[in-house]
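The values are calculated or read from the model by the stated rules, or taken from the named source; none is laboratory data. Everything quoted here is computed from the prediction, not taken from an experiment. For neighbour counting, all protein chains shown are included, and Cβ atoms are generated from backbone atoms with ideal geometry for every residue, glycine included.
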Amino acid sequence: MASEQTAMCYEPLICGTDRLARRPIRPWRAAMLAALRGALRPAGGGPDFGGVAVALNQLALLEAYEGTPAQALALCRSQIALWQRLAARDAGDGAARRLLGGVIQPLINVVRLERWTAGEAGPVSLYAELAPARRGAPGLLLARQGIALGFEALCALDPRGDYAALLDNVYWREYGRYLLQAGRDDDLQALLAEGLSQPRSAFVQLALVEILLLQQARSGKHGSAMRLLGKLGLAPGSLLWLHFRVCAMFLAVRRGDPAAQVLQDEVMEAVRRGQGIRDDAWGLNLLADIGKVFRVLGCAAEEAELLRLALPLALRLGDEMVHFDALERLAQLEGTPRAGLHRQFGQSGYAAIRKRLGLAPAAACPDPNSGIAVAAAAQLALGDERACLALLDAAGATPAPAMA
């Protein structure tokens, strides 16, 4: 059995490429309501359903960030009902029927919401329905929304949507991360055995390898993890080279390898040069996450340097969560008062920030646009576009605060 010390590990660094900067919630919500209005009433032609989907997905995400999962779930269900209603009105040419594939993203969001709010059994059974072998027939997740098709058939409706790749990413990478975090080693072992035994996309394959390495590290099997890592042969400058170099550093430190310090220096020098750190939210989160690895290793100086490197990028991108995380942790490392955090972030809508500041949830003083978003989506699902647009026009009547 691994000791508590060897069991200490870190969260996988490999993430999806669709990460968004977590900007202040109220102006972000106002911008998404304006985007929804514009997608429904574009300058020319019919509605932009792709734009509608993006706006509704982000509006639901904001409710989850704010700590109002019931509101988020209502937005997901309204979007699912919208695509079902539009598809049912297909004139026979398949154009409207293809829209039914749009239910896949909000259905995945429903699974995520249940993971955040429900007991362990719920998300495990729902994630399992996304497995390739189970996509041919509808399971509980689809059936309870009244969808008679399986995921495979939904993907086939609109191949341009690349929904199969989305399902693969969520099932193999996201579900794998969940099982790793939950310590469900038997389920994770089965997932990894299946996922690594057949060719997958390069991204999914490497994400599974990282999860396997971290599972081995958590079990104290640092030697076998290092041998597997040595077989990857990723070239410096490749997309995920830095992710696995951090893993090599972690394993070397945990194993007491003489090369550990060299690897630490190599990782820090790569980050200082910006090697593998993109100038966007994806890169910002990677920078912050590498800092957490140094924290697990007890390397306070390196962690503080990475936090200071993350701050200007977080400010430029308007990422309120990384900005708060960095300032809070630096205050802990430097032993400085936290009073400034209350002044700076006391109006934040993020439930995670408010909880750490000891503040009441933002729902105690709700944003009126939250209710408008839910009501507008419900009207859209019912087919009352006029009522939906009236609500969205009302939301736009009061100027929103500027985006950070």
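Here is a yes/no grid of residues against (1) over 27 Å from residue 322 (Cβ atoms); (2) surrounded by fewer than 22 Cβ atoms within 10 Å (Cβ to Cβ); (3) modelled with pLDDT under 85; (4) not aliphatic (A, V, I, L, M):
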| residue | (1), (2), (3), (4) |
| --- | --- |
| 47 | yes, yes, no, yes |
| 59 | no, no, no, no |
| 73 | no, yes, no, no |
| 78 | yes, no, no, yes |
| 83 | yes, no, no, yes |
| 103 | yes, no, no, no |
| 121 | yes, yes, yes, no |
Return the pairs, sorted by first residue and then second, in which the second residue is assigned to a helix (DSSP H, G or I) and of a type in the set (A, V, I, L, M), the first residue lies in the stretch 220-243 and is without any contact (Cβ under 8 Å) to a residue 12 or more places away in the chain and outside the structural domain of residue 290 (by TED's automatic domain parsing), the beta carbons are less than 9 Å apart, and the residues are 6+ apart or on different chains. 230/248; 234/206
Give me the residue from the stretch 271-294 that is at negative phi and without any contact (Cβ under 8 Å) to a residue 12 or more places away in the chain and, out of that set, surrounded by the fewest Cβ atoms within 10 Å (Cβ to Cβ). 273
Residues of the stretch 322-371 being hydroxyl-bearing (Ser, Thr, Tyr) and more than 22 Å from the chain's Cα centre (by Cα), which ones? 336
The one condition residue 127 fails out of (1) crowded, with 19+ Cβ neighbours inside 10 Å; (2) touching a residue at least 60 places away in the same chain (Cβ under 8 Å); (3) outside any loop (DSSP other than H, G, I, E, B) is (2)
Exactly one condition in (1) out of contact with any Gly (no Cβ under 9 Å at 6 or more places or on another chain); (2) over 30 Å from residue 46 (Cα atoms); (3) among the basic types (Lys, Arg) is false for residue 355; which is it? (1)
Of these, 167, 157, 130, which one is touching a helix residue (DSSP H, G or I) at 6+ places or on another chain (Cβ under 9 Å), at pLDDT 90 or above and farther than 24 Å from residue 194 by Cα? 157
Can you name every residue in the stretch 331-355 that is touching a Leu at 6+ places or on another chain (Cβ under 9 Å) and buried (at least 16 other Cβ atoms within 10 Å of the Cβ)? 341, 345, 348, 349, 353
